[in-house]
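Engineer: Here it is: the structure, laid out below.
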Amino acid sequence: MKVRVMLVRDGRGRREDIVLDTPEAAFGFLKPKFQGLDREHLLRVDLDARNQANGHETVSIGTLTASLVHPREVFRAAILGCAAGVILAHNHPSGDPAPSPEDRETTRRIKSAGDLLGIPMIDHIIVGGERFFSFRQAGLL
């Protein structure tokens, strides 16, 4: 069996050239992407060496209260796109951005996988309406 792997850009826009070097900047970039969603969505934002967004991808769509994710899905396109780092983000439709025990465990697993791959997870942002929680800012990364 012959296998071929390719990265295909969506083509609906150019590179995003937005520097995401603070949790506030990341929240400003992510907030519109989560507005109006009634289920948890997990996004990955690929960053270059200067923390500019190279693109983003919805990795998982879950239920009202949970989203299943595996490191291979998180890092597949990040590897192909030569990302220097990633920001993981998901929403809490309840509006409360406080991390659950599952959020903490997922963050730990994804961070460990990124460390092994040499693609560090710069932050994990939870968006809850007009508020956010940053694992980096809370000292949990």
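The values are calculated or read from the model by the stated rules, or taken from the named source; none is laboratory data. Predicted, not measured: the structure shown is a model, and the values here were computed from it. In this analysis, Cβ positions are derived from the backbone assuming ideal geometry, glycine residues included, and neighbour counts consider all displayed protein chains. Heavy atoms of the whole protein, side chains included, go into the accessibility calculation; ligands, DNA and RNA do not. Shrake-Rupley method; radii C 1.70, N 1.55, O 1.52, S 1.80 Å.
Engineer: Can you run phi through the Karplus equation (6.51, -1.76, 1.60; θ = phi - 60°) for the range 104-118 and list ³J(HN,Hα) in whole Hz, with x for Gly and Pro?
Structural biologist: 5, 5, 4, 4, 4, 5, 5, 4, 4, 5, x, 4, 5, 7, x
Engineer: Over the Cα atoms of the chain, Rg to Rh with Kirkwood Rh, two decimal places?
Structural biologist: Ratio of gyration radius to Kirkwood radius: 0.95.
Engineer: Can you compute the label reach from LEU37? Point 7 Å from Cα along the Cβ direction, backbone N cut-off under 18 Å, restricted to the range 71-98.
Structural biologist: Within reach of a label on LEU37: 71-78, 86-98.
Engineer: Further question on the same structure: On full extension of the chain, what length is gained from ARG72 through ASP96, given 0.36 nm per residue of separation minus the C-alpha to C-alpha distance?
Structural biologist: Value of the extension gain: 5.8 nm.
Engineer: Gaussian network model of the chain, Cα springs within a sub-10 Å range: biggest mean-square fluctuation belongs to which of LEU116, LEU30, LEU47?
Structural biologist: In the Gaussian network model the winner is LEU116.
Engineer: From the backbone phi of the range 125-141, what are the Karplus-calculated ³J(HN,Hα) couplings (6.51 cos²θ - 1.76 cosθ + 1.60, θ = phi - 60°) in whole Hz, Gly and Pro given as x?
Structural biologist: 9, 10, 9, x, x, 8, 10, 8, 10, 10, 4, 5, 5, 7, x, 9, 10
Engineer: What does the accessible area per residue of the chain come to in Å², with a 1.4 Å probe and no ligands, DNA or RNA counted?
Structural biologist: Dividing the accessible area of the chain by its residue count gives 58 Å².
Engineer: Would you pull out the residues with amide H under 5 Å of ASN91's amide H, same chain only if 5 or more places away, H placed 1.01 Å from N?
Structural biologist: HIS41, VAL127
Engineer: As an exercise, use a Förster radius of 35 Å and the Cβ-Cβ distance of CYS82 and ARG131 to find the FRET efficiency, rounded to the nearest 0.05.
Structural biologist: 0.60
Engineer: List the residues whose amide H sits under 5 Å from the amide H of GLY85, counting only those 5 or more places along or on another chain, with H placed 1.01 Å from N in the peptide plane.
Structural biologist: LEU47
Engineer: Taking only DSSP H segments of four or more residues, each worth -39500 (n - 2.57), what value at 222 nm results for the chain once the sum is divided by all its residues, to the nearest 500 deg cm²/dmol?
Structural biologist: Dividing the helical sum by the residues of the chain leaves -9000 deg cm²/dmol.
Engineer: Still on this model: Based on Cβ point charges of +1 for Lys and Arg and -1 for Asp and Glu, what charge dipole magnitude is obtained for the chain about its Cα centre, in debye rounded to the nearest 20?
Structural biologist: Rounded to the nearest 20 debye, it is 540 debye.
Engineer: If you don't mind, another one. Pick out, from THR58, ILE18, VAL45, the residue whose Cα sits farthest towards the positive end of the charge dipole of the range 15-66, with +1 on the Cβ of Lys and Arg and -1 on the Cβ of Asp and Glu.
Structural biologist: It is THR58, whose Cα lies furthest towards the positive end.
Engineer: So what are the ³J(HN,Hα) numbers for the range 70-78, from phi and the Karplus equation (6.51, -1.76, 1.60; θ = phi - 60°), rounded to whole Hz, Gly and Pro as x?
Structural biologist: Once θ is set to phi - 60°, the couplings for the range 70-78 become 10, x, 5, 6, 5, 9, 3, 6, 5 Hz.
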